[in-house]
Amino acid sequence: MEIPFNNTYAQLPERFFAKQVPAQVPEPKLIRINHALASRLSIDSDWLESADGIAVLAGNALAAGSEPISQAYAGHQFGGFVPQLGDGRAILLGEVLDAQGARFDLQLKGSGQTPFSRRGDGKSALGPVIREYIVSEAMFALGVPTTRALAAVATGETVLRQEGMVGGGILTRVAASHIRVGTFQYFHALKDVEALRILADHVIARHYPHASSEQHPYQALLKAVVAAQADLIAHWMSLGFIHGVMNTDNTAVSGETIDYGPCAFMDAFHPQCVFSSIDTKGRYAWGNQASIAFWNLTRLAETLLPLLSEDPGIADEMGKAALADFTDRFSDQYIARFRAKLGLPPEAPVEFIQETLQLLAAQEIDFTLFFRHLTRVAAGDESARLAALFARPEPFAEWLSQWQRLAAPTKHLAAMRASNPILIARNHRVEEAIQSAYREDYAPFNRLIAALAKPYEENAEYTDLEATPRPDEVVHQTFCGT
Ligand code: AMP
Ligand code: MG
């Protein structure tokens, strides 16, 4: 078997999914294969690159052992509940195990209509494929839990999007699972408690096996998801990352970042920064992400109530108790990450983090460059380059002397280096890679992927990728027209 499938979700009851074969595409062309990931999953890279392998990645052929399905789920989108969403443009080919026994989904995204497509074409434009490949792999290299990209292909088709007719593509996505808060909501809306129990047991076995030996396994499951999400959001925020569409259907119960649509790493820092053109109220702004995650987790807790206890009062208490862990867990993680970024010792006052962010926000300083240059100062460089980021020098000078008093920089340099990346997937570079890809020039895409694989290392070859966008390069929004 070219892909050593070992499927479990397809063995769940039929109401969990729809069997669905991918659509045929006219002229598949391989754009890129992630060789390291293929080898981790015991998939033969040479075969993947062959005509047979490309046919599988394009959905034109099924590998032996594949049981293609589209998963059913619901979701709150921008606060409004939609009882049936589901994979409208994605097909789960099956699951594979890595050498450690960890289970991963292989999913084609952009492989044609499914029973969940509603009015959509089931396809993906090349741009979003390129964006998800770059940003998800960048997140992985940064150390953030995330779905990954195994391959990208161009389909040879054109698809109609806001910007007109554009080339189509398919991403092969790898995830610990594609089970979302919205998957639980789907069965909750149907009042299908039996399915909820089956789903919860599947998630416990797959992601949180320790929960099965707890006194209250379903509460332990909820606590585990709460912890994973708290850690994830703190990690995102420490990198200036904005997910963009934190709907409950885009919230994976595994704690991985999923569904890279209108997402971005911020350049100029502002806590109310958003990237999505449809997020007009700033619901998913950088600084709102923790409270939105908590809101999403509350929706998950609601679905689990019938499993927590037969007594609604007790169930409610148990749900609330599990959710209550979020605030402390998030703030501990957030503070620890920002302490490390600033090179602060544990006794430094926590208010200094907020003061730093206010300083950055007041002058809209580039988030990544600030911490990058600060790390250099901690390593003994002059502060001139850091100071040059500020148009109004006085507040910075004041801040710097305070920082010098608080931080014993040389002692905490390793932590600073490990938490302040040199390279992030800057939006204008992602945009450049996308526009080039539409012209069948994949060089900027490939170069960006290579550079972002080692985000914490100095590399003279990639200094141009560190820079903030010129005014004409600034991308204010990434679009949902995926
Ligand atoms: P997302 O933007 O990934 O959060 O998608 C929200 C919902 O819309 C999911 O159910 C998707 O499967 C569905 N969807 C998005 N784009 C398409 C498309 N081109 N065709 C069919 N369904 C789509
Ligand atoms: Mg989605």
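A compact table of results
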{"item": "Cross-link table 223/454; 109/341; 109/320; 191/320; 109/281; 123/223, entries beyond 31 Å C-alpha to C-alpha", "result": "223/454; 109/341; 109/320; 123/223"}
{"item": "Computed label-point distance, nm, for sites residue 11 and residue 406 using a 7 Å Cα→Cβ extension", "result": "5.3"}
{"item": "Residue 160 accessible area, 1.4 Å probe, all protein chains in place, Å² to nearest 10", "result": "120"}
{"item": "Within-10-Å neighbourhood charge of residue 133 [Cβ basis; K, R +1; D, E -1]", "result": "+2"}
{"item": "About the Cα centre, charge dipole magnitude for the chain (Lys/Arg +1, Asp/Glu -1 at Cβ), debye", "result": "280"}
{"item": "Relative contact order of the chain, pairs being alpha-carbon contacts under 8 Å that are 6 or more residues apart, as %", "result": "15"}
{"item": "The range 9-175: mean projected area of Cα convex hull, nm²", "result": "10.4"}
{"item": "Residue 146 long-range amide H proximity, modeled H, under 5 Å", "result": "257"}
{"item": "Segment residue 350-residue 44, length gained on full extension (0.36 nm per residue, minus Cα span)", "result": "105.2 nm"}
{"item": "Karplus-derived 3J(HN,Hα), 6.51/-1.76/1.60, for each residue of the range 219-235, Hz, glycine and proline x", "result": "6, 4, 4, 4, 4, 5, 5, 4, 5, 5, 5, 4, 5, 4, 5, 4, 5"}
{"item": "Cα pair count fraction exceeding 14 Å, expressed as % - the range 336-419", "result": "59"}
{"item": "Dipole-positive endmost among 209, 291, 196 within the chain (Cβ charges, Cα centre)", "result": "291"}
{"item": "Relative counts (whole %) of C-alpha pair distances in the range 401-448, using bins that are 10 Å wide", "result": "23, 28, 18, 19, 12, 1"}
{"item": "Overall Cα dimensions of the chain, principal axis frame, Å, largest first", "result": "64, 59, 43"}
{"item": "Apportionment of accessible area to carbon and sulfur, the range 51-199, percent (1.4 Å)", "result": "54"}
{"item": "Computed [θ] at 222 nm, deg cm²/dmol, the chain (DSSP H ≥ 4; -39,500 (n - 2.57); rounded to nearest 500)", "result": "-13000 deg cm²/dmol"}
{"item": "Accessible surface, per residue, of the chain when the full set of protein chains is kept, probe 1.4 Å, Å²", "result": "40"}
{"item": "Percent accessible area from carbon and sulfur atoms, the range 330-482, protein chains only, probe 1.4 Å", "result": "52"}
{"item": "Residue order for 184, 81 - accessible surface, 1.4 angstrom probe, largest first", "result": "81, 184"}
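The values are calculated or read from the model by the stated rules, or taken from the named source; none is laboratory data. Predicted model, so just to flag it, every value in this text is computed and none were measured. Cβ sites come from the backbone with ideal geometry, for glycine too, and all protein chains shown count toward neighbours. With ligands, DNA and RNA removed, areas are computed over all heavy atoms of the protein, side chains included. Shrake-Rupley method; radii C 1.70, N 1.55, O 1.52, S 1.80 Å.
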